[in-house]
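The values are calculated or read from the model by the stated rules, or taken from the named source; none is laboratory data. The structure presented is a predicted model; accordingly, all values stated were derived computationally and were not measured. We place every Cβ from the backbone using ideal geometry, glycine too, and count neighbours over all the protein chains shown. These area figures cover heavy atoms from the full protein model, side chains too; ligands, DNA and RNA do not enter into them. Shrake-Rupley method; radii C 1.70, N 1.55, O 1.52, S 1.80 Å.
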Amino acid sequence: MILDAQLASLFMEVKDITSSMVEASVNSEELSEDLNQNIVNIGKKLLENMPGNETEAQSLLSENEVLPTDIVEDSFTNDDLWHISLRFSDDFFNSGMDIVAIFIFFRKLGEILLNIPVIDKVPLISDLEPHATYIGFEMDFQSDCSYDEIIEIFEFVEDDVDLIVFKHDDKKSLQQMLLAREDNLKEILVQNCSYEETFFEDKQDIKKEEVIEEKTQAVPAVKKDEPKKAEAKKAVSKENQSTFTLRVDSLKVDLLINKMSELVIQNAKIMDIAESRGDDDLEEISDTFSLLLEEVRDAVMDIRMVQVKDSFVKFRRIVNDTAKKLGKDIEFIIEGGETELDKSVVEKLSDPLVHMLRNSIDHGVEMPDVRTSNGKNAKGSVYLRAYPDAGTIVIEIEDDGAGINKDAVLKKAISNGVVNESDNLSDKEIYKLIFSAGLSTAQEVSNISGRGVGMDVVRKNIEQLRGTIDVDSSIGKGSKITIRLPLTLAIIDGFLVQVGNTKYIIPLDMISECIELTDEYKSGIKGANTINVRGDVIPLLDIRGFYDEESCEEQVRKNAIIVRYVNEMIALQVDELYGEQQTVIKPLGDIFEKVPGISGSSILGSGEVALILDIPKLIEYQIKQGV
């Protein structure tokens, strides 16, 4: 059978119905009438997609595969026919091997004529242990291989299998196996394998002790001529024991992060005490402890970092279903899935991404006939990519659709009173208007999405994550939404400064350099809001004036900090520089929510509260001033 889009959609329906059945079973609920009808309907659809007859089914098999019903007794001789009885230890799957891989290896050495599963030990589902191995197999295997060559197949799992191998017509070995296996094995062999009832009549007197002795000899521990393989196996086993995956409740990780944050704050207090006392030994111990704490902090934070691909893959279903409802053909492409991001950020990012993906499919990508008439491929493309950049994680959603009509957006914004008709806005500023509440240019509001409908909520969610969102578009070519997020929401490396009576923290990865404002710099700044740094004119924002800070008489030293975000750069004028500071991010109360340019706060070693500057917002403010 060929897996096409129609069959894939059918399998997705099967998955949904199966999930509903499992949920009902877990909750001990009766299946609803609608669900029962859906089960019947989906069963009919599945049967309709099955091959119509045996000839068609046979043609779908490769020429090397033979159906069990086509076995011909005369196609092999007894000398080439083996019987293999295979059972597994309860923890076989923990060995890292796969049962299917064993059968594949058998096929390389010969042909499996019959493979009968023995399921007597499979318990009720309520008693089922997922990692246990209950099933066994009785096989007729045709091959010119020797006994030792067959045993070699199990060389690396010899301690995890119970194996009996003998020639098909060896009565003694067969009777030994019957004594060692299940009571009803004889019946299974007669009904399914090529053994006749009369083959068991001449039963020899064999004691179980002999059977145990035979079984211990069946699989040699290590061949004498292959000691190196045994040593390699032990080395691999030892290595595997030192590396394993441990599943931990996320609440425990969050608790560890919180305690780590408190340690950072207490360490800052110790450093302040050591510096104030002038004790060299205490300062040395404090510095060493600070370095160790930073390493532990990075390790702890790394625990909560996850690859975004696991979350991105889930969106394939959403894209597929949305495109199907709209009658569009969409290719969904994920790039940079190996990029790591804080798990808490990934979880909070899910809903905004779903909304923007639906937006791109619904109002971004055109209908197939429209795309064809415009000289495009009938199949549209939607990209979801992630990559690290300058201490942040960038997530982009890009489509090759019709793009955003900026004239329609501006007209709607003017009519809604978002902007004035006299305002002179750049293209980028116009595109950003789609994040205004209630602004939509769609002629019909879709139940799937609408460019502008709900985008204000998306922006708010991104800003709560201390991120930014931008839009770029080109008519007829498509649109791209770019989200920039911090790596984590807990602890960052900051740079402590003071302006007036308040201390501020600037994210360290956004700082390009610090400059002392000499008389030469001050003379150039007077009467202007720019600063000339080695020939480059950079916008200057006086933090004291921006937040209306009172000036302290003893503060006579002025400094400028050059900060960069994406491709924009500004200089922040401050009073004092204190240096690097491990910063535990604490949220501000609702009363400070509207304060511009502040993204959070932190507690210093002295007990003071320092405010964390929101550099992207400050840069955006300076750009709006026309500088």
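A few points about this structure:
- Here's how it looks for ASP542: its modeled amide H is under 5 Å from those of GLN573, which are all 5 or more places away or on a different chain.
- Cut-off under 5 Å, modelled amide H: who pairs with ILE598 long-range: ASP614
- Of the chymotrypsin sites (Phe, Trp or Tyr not before Pro) in segment 74-175, those whose Cβ has at most 15 other Cβ within 10 Å and which sit in DSSP loop: TYR134
- The simple Förster model, with R0 at 45 Å and r as the Cβ-Cβ distance, assigns ARG247 and LYS324 a FRET efficiency of 0.80.
- Accessible area per residue in Å² at 1.4 Å probe, computed on segment 256-385: 54 Å²
- Of LYS45/LYS309; LYS379/LYS411; LYS259/LYS309; LYS252/LYS586, pairs whose Cα-Cα distance is over 21 Å: LYS45/LYS309; LYS379/LYS411; LYS259/LYS309
- HN-Hα J in Hz across segment 31-36 - Karplus 6.51, -1.76, 1.60, θ = phi - 60°, x for Gly and Pro: 5, 5, 4, 5, 5, 4
- Across MET367, MET139, MET50, the residue with the most accessible area heads the list, and the full order at a 1.4 Å probe is MET50, MET367, MET139.
- Extension gain, VAL296 to VAL537, is 82.6 nm, computed as 0.36 nm per intervening residue step minus the present C-alpha separation.
- With the simple model of a label 7 Å out from the Cα in the direction of the Cβ, ILE334 to GLU516 spans 5.3 nm.
- Added length on full extension, which subtracts the Cα-Cα distance from 0.36 nm per residue, LEU31 to ALA101: 21.4 nm
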